[in-house]
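For reference, the structure is listed below as structure tokens.
The values are calculated or read from the model by the stated rules, or taken from the named source; none is laboratory data. Everything numeric in this text was worked out from a predicted model, so none of it was measured. In this analysis, Cβ positions are derived from the backbone assuming ideal geometry, glycine residues included, and neighbour counts consider all displayed protein chains.
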Amino acid sequence: MISNMSKLISEDILAFKERRIESNYSVIFMGATHIPVKKRTVSKEAGYIVIGTHIGEPKKVLGFNIPQSNQLISGKNYFKILKFVD
């Protein structure tokens, strides 16, 4: 059942990650949390999220990523992944 749900939303996730993002946010937050992920065994992997906001407006999720095992993403490199519009 989980794999069927994943297939249904995979196109939406891809479209979300490929969209262009405006480049002038008042504040940008970047955070990570360690999430239990089951592959062969259960291990904790970092999940990254970037949120942007303009003063007085709701926050928007700009991007998220759970990289491959043992792959570190620095903030600078993650912002290169996001597709900001100049």
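Of all residues in the stretch 1-47, those satisfying the criterion of being farther than 13 Å from I66 by Cβ, in contact (Cβ under 8 Å) with a residue 12 or more places away in the chain and not small (G, A, S) are E18, R19, R20, I21, E22, Y25, V27, I28, F29, M30.
If you go through the stretch 1-18 and keep only what is loosely packed, with under 11 Cβ neighbours inside 10 Å and either β-branched (V, I, T) or in a strand (DSSP E or B) (or both), you end up with I2, I9.
Please work out if I21 is surrounded by 12 or more Cβ atoms within 10 Å (Cβ to Cβ) and at pLDDT below 80. The answer is no for I21. Just checking, does the stretch 26-38 include any residue being surrounded by 13 or more Cβ atoms within 10 Å (Cβ to Cβ) and within 19 Å of K83 (Cβ to Cβ)? Among the residues of the stretch 26-38, at least one is surrounded by 13 or more Cβ atoms within 10 Å (Cβ to Cβ) and within 19 Å of K83 (Cβ to Cβ), which makes the answer yes.
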